[in-house]
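Notes follow once the structure below has been shown.
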Amino acid sequence: MLTIREYKQATTLEEAWQLNQKRPNRLLGGMLWMRLSKSNVQTAIDLSALGLDTIEETETEFRIGAMVSLRQLELHEGFTAYSEGANKEALRHIVGVQFRNLATVGGSVFGRFGFSDVLTLLLVMDSYVELYKGGIVPVADFVNMPYDRDILVRVIVKKTAAHYSYKSVRISKTDFPVLTCAAALTQEGVQAAVGARPAKAALVKDAEQLATLPMTAEKAQAFAEYAAGLLPTETNPRGSAAYRTHLIKVLTARCLTELGGKA
Amino acid sequence: MEITLTLNGKKLTRMVEADTVLLDFLRKEGCYSVKRGCDTTNCGLCTVFMDNKPVLSCAILAARAAGHSIVTMEGMQQEAAEFGAFIADQGAEQCGFCNPGMIMNAIALLRENSEPTEEEIKEFLAGNLCRCSGYEGQLRGIQNFIAWKKAQAQA
């Protein structure tokens, strides 16, 4: 059971950061995962009043505040156009609309949860996190950084020219994914991120130029096999390691085939 | 701590504990349409509107609702009754426990998209679980309601 002794709505990031340095205190994201935890929180720190609930779109990037809801990200027209609908495909399976109206991008990314569809998608984009003390860090690096008590202020996605595709498998609608897969075709070539292995998402780049254009089913399969060979999987109640490794091959090949059609 | 919020159009000021969830606060205020189902943010039974958006009241602190507008089914009885009749006509409310959450979220859908496709209805209501009906009755009820509204508008 979660207990909270005090609730504090921070008025500045500095105030939130100072409060967050004390071990019994916790930052609130959407609180959906935290709600299920068994912990005693001294002070719950709310960032809701800091204006971090908007998506700013400029000519070169999207600046997604930490308190932007997953539903906002799903419905944002500019981001949908840029990601070619990959955002909707990544987000629409997460529980329900009511859940996605509460869950935040900051909470999902900072948590670096294995099941995170958002993290899987962001990994194949030219994306960064802005940390209050840690500065701007590529998401690909952030995903492997140790957990600390910094604050994720926003996620930045550069509008780098690319095509995107996203696919996932769930045993039943709205459940946690058995596997998530995002792929991008950039000027440097193909890259894919695979999450819910069940470990957190990891990125694989086409270092061996297996999937060059024009894409064919054979090239897509070759890269998919390569990715499956690099990404370890494990067994949990949703699927065995062998099943997940098989899914990596299937979903990656499907994503690449789709990307080939967009190129 | 003291919070002030608008509940079903009325401004309220109340004392709450820091970890009181909105669901418990609302039931204490007599809003019994808001139900505790799974208590794990999955079933949609506790759906209310916060600033006109459907949210899970089991997963949000009452403290976080301060300064916001909360609407439960008690605050939209006419709209809910009108729509609920179409659900009842299809026999889609066997035990009825999921109905308030389902109706709240269906109304949210229809406010956002007045003519949703079958797939859009299923996707929007995916976060509302029903253990009796198999969802077909609810789907027919929503589609019949949409058709009725459309006929009314054209009449």
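The values are calculated or read from the model by the stated rules, or taken from the named source; none is laboratory data. From a predicted model like this one, the values you see are computed outputs, not experimental measurements. Cβ: placed from backbone, ideal geometry, glycine included. Neighbour counts: every protein chain shown. Protein only, heavy atoms only, side chains kept; ligands, DNA and RNA dropped before computing areas. Shrake-Rupley method; radii C 1.70, N 1.55, O 1.52, S 1.80 Å.
Annotations
- Value of D in µm² per second that Stokes-Einstein yields for the range A:123-263, Kirkwood Rh from Cα pairs, at 10 °C (1.306 mPa s): 101
- Within the range B:122-136: backbone nitrogen closer than 13 Å to the residue B:38 label point (7 Å, Cα to C-beta): B:126-131
- For residue A:2, distant residues with modelled amide H under 5 Å away: A:39
- Note on the protein assembly as shown: dipole from Cβ charges, positive end direction compared against B:145, A:214, B:127; the farthest Cα belongs to B:127.
- Accessible area of chain B belonging to carbon and sulfur atoms, whole % at 1.4 Å probe: 48
- Note on A:224-234: average number of Cβ atoms from other chains within 10 Å of each residue's Cβ is 0.
- If you wrap the range B:1-105 in the convex hull of its Cα atoms and look at it from every side, the mean projected area works out to 6.3 nm².
- Of the DSSP H helices in chain A, those that are both long (alpha-carbon extent of 18 Å or more along the helix axis) and hydrophobic (Kyte-Doolittle mean at least -0.5) are A:217-230, A:241-262.
- 3J(HN,Hα) couplings calculated from phi for the range A:24-29 with the Karplus curve 6.51 cos²θ - 1.76 cosθ + 1.60 (θ = phi - 60°) are, in sequence order, x, 8, 9, 7, 9, x Hz; Gly and Pro show x.
- About its Cα centre, the dipole of chain A is roughly 1020 debye, where the only charges are +1 on Lys and Arg Cβ and -1 on Asp and Glu Cβ.
- Accessible area (Å², 1.4 Å probe, nearest 10) - residue A:170: 40
- Across the accessible surface of the range A:2-46, with the other protein chains kept in place and a 1.4 Å probe, carbon and sulfur atoms take up 49 percent.
- Overall form of the range A:43-98 per C-alpha gyration tensor (a/c, 1.5; a/b vs b/c): oblate
- Surface exposure of the range A:1-51, expressed per residue as accessible area with a 1.4 Å probe, stands at 55 Å².
- 0 to 90° range, to nearest 10: angle between helix B:77-89 axis and chain B longest Cα axis: 40
- The relative contact order of chain A comes to 15 percent, based on Cα pairs under 8 Å that sit 6 or more residues apart.
- Viscosity 0.692 mPa s, 37 °C: Kirkwood-radius Stokes-Einstein D of the range B:34-81 over Cα pairs, µm²/s: 292
- Residue-averaged beta-carbon neighbours from other chains (10 angstrom radius) around B:69-79: 0
- Binned Cα-Cα distance frequencies in the protein assembly as shown - 20 Å width, integer %: 26, 54, 20, 0
- Averaged over the residues of peptide A:137-144, the number of Cβ atoms from other protein chains lying within 10 Å of each residue's Cβ is 0.
- Accessible surface buried once B binds A (1.4 Å probe; total of both sides; Å²): 2300
- Compared with the direct C-alpha span, the chain from residue B:140 to residue B:113 gains 8.0 nm at full extension, assuming 0.36 nm per residue.
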